[in-house]
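Participant: To start, I am sharing the structure in question, which I have written as structure tokens.
The values are calculated or read from the model by the stated rules, or taken from the named source; none is laboratory data. Note that the coordinates shown come from a computational prediction; the quantities given were computed from them, not determined experimentally. Reconstructed Cβ throughout: ideal geometry from the backbone, glycine too, with neighbour counts over all protein chains shown.
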Ligand SMILES: [Fe+2]
């Protein structure tokens, strides 16, 4: 398995704090069967300025440490990019990283809202040849209110990446149900750990993969956890799943979503 979302690089954001934690986190990932990890520290303009040069240097440094400690985890550079008008230009200029410099960028929505004219923003990335991969859409209350909006984004070429813990109920039963619904309708392209440390939100994928297998079968689960991440690492193309129509209206407890605010990172 390959993890396409991790905050394992020490000291760059609100994830892993130091080298010791980073090594423990990497060991935990390997024990769970994770062979490769895209390092995706936050880029939030004015808060976490993790540009390409910073992330690339941190990845190279951590690779050396993994080698010295005989930890067989392959690392790739990336970033989790918070929606910002300057993002498409910065990617085009080479200042910000896509996922392993592929045509796929991990894009994070603000926790509370869907920004106005977000579809135009996605389009501005797409005209630069970049496909947005929406990080943890299941945790956005605006999308919970209106899953058809996410459906429309996917129809226009946007991909999604769920958090493994969400599927296992870590963030509550409502979010878990939303994950199952998204899976069942072909609306999930990747599932990743979004790990922030070896204890707090540890890097685990195997249990979530079994859960996905039970929901959509082994073939689809293998694409989500193994084949699609490989395509991204190899700078290939992820083929979306056939979408099933959203045949009924979904009602989620918004109270539960609002109680989750503030825990998004
Ligand atoms: Fe993240």
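Participant: Step by step: first the residues of segment 126-136, then only those that are closer than 20 Å to residue 229 by Cα and outside any strand (DSSP E or B), then the one that is nearest to the chain's Cα centre (by Cα). Which residue is that? Explain how you work it out, then say what you get.
Facilitator: Filtering segment 126-136 for residues closer than 20 Å to residue 229 by Cα gives 126, 129-136.
When the remaining residues are screened for being outside any strand (DSSP E or B), the result is 126, 129-130, 136.
Details: 126: 18, 129: 19, 130: 15, 136: 6 Å.
Filtering segment 126-136 for residues that are closer than 20 Å to residue 229 by Cα and outside any strand (DSSP E or B), the one nearest to the chain's Cα centre (by Cα) comes out as 136.
Participant: I've got another one for you. Could you tell me whether any residue of segment 249-259 is more than 22 Å from residue 39 (Cβ to Cβ) and modelled with pLDDT of 95 or more? Break it down into steps so the answer makes sense when it comes.
Facilitator: Of segment 249-259, the ones more than 22 Å from residue 39 (Cβ to Cβ) are 249-259.
Retained after the next criterion (residues that are modelled with pLDDT of 95 or more): none.
Scanning segment 249-259 turns up no residue that is more than 22 Å from residue 39 (Cβ to Cβ) and modelled with pLDDT of 95 or more.
Participant: While we're here: Among the residues of segment 42-53, is any assigned to a helix (DSSP H, G or I), under 23 Å from residue 190 (Cβ atoms) and more than 16 Å from the ligand (Cβ to nearest atom)? Give the steps one after another, and end with the answer.
Facilitator: Applying the first criterion (assigned to a helix (DSSP H, G or I)) to segment 42-53 yields 52-53.
Next, only the ones that are under 23 Å from residue 190 (Cβ atoms) stay: 52.
From what is left, the residues that are more than 16 Å from the ligand (Cβ to nearest atom) are 52.
Looking for residues that are assigned to a helix (DSSP H, G or I), under 23 Å from residue 190 (Cβ atoms) and more than 16 Å from the ligand (Cβ to nearest atom), one finds at least one in segment 42-53, hence yes.
Participant: Something else now. Among the residues of segment 1-33, what is the count of those that are more than 16 Å from the ligand (Cβ to nearest atom), assigned to a loop (DSSP other than H, G, I, E, B) and surrounded by 14 or more Cβ atoms within 10 Å (Cβ to Cβ)?
Facilitator: Summing the residues that are more than 16 Å from the ligand (Cβ to nearest atom), assigned to a loop (DSSP other than H, G, I, E, B) and surrounded by 14 or more Cβ atoms within 10 Å (Cβ to Cβ) in segment 1-33 gives 2.
Participant: Of all residues in segment 181-212, which are in a helix (DSSP H, G or I) and within 16 Å of the ligand (Cβ to nearest atom)?
Facilitator: Matches in segment 181-212: 208 only.
Participant: Has segment 137-154 got any residue that is in a strand (DSSP E or B), within 16 Å of the ligand (Cβ to nearest atom) and closer than 21 Å to residue 78 by Cα?
Facilitator: No, there is no match, as no residue in segment 137-154 is in a strand (DSSP E or B), within 16 Å of the ligand (Cβ to nearest atom) and closer than 21 Å to residue 78 by Cα.
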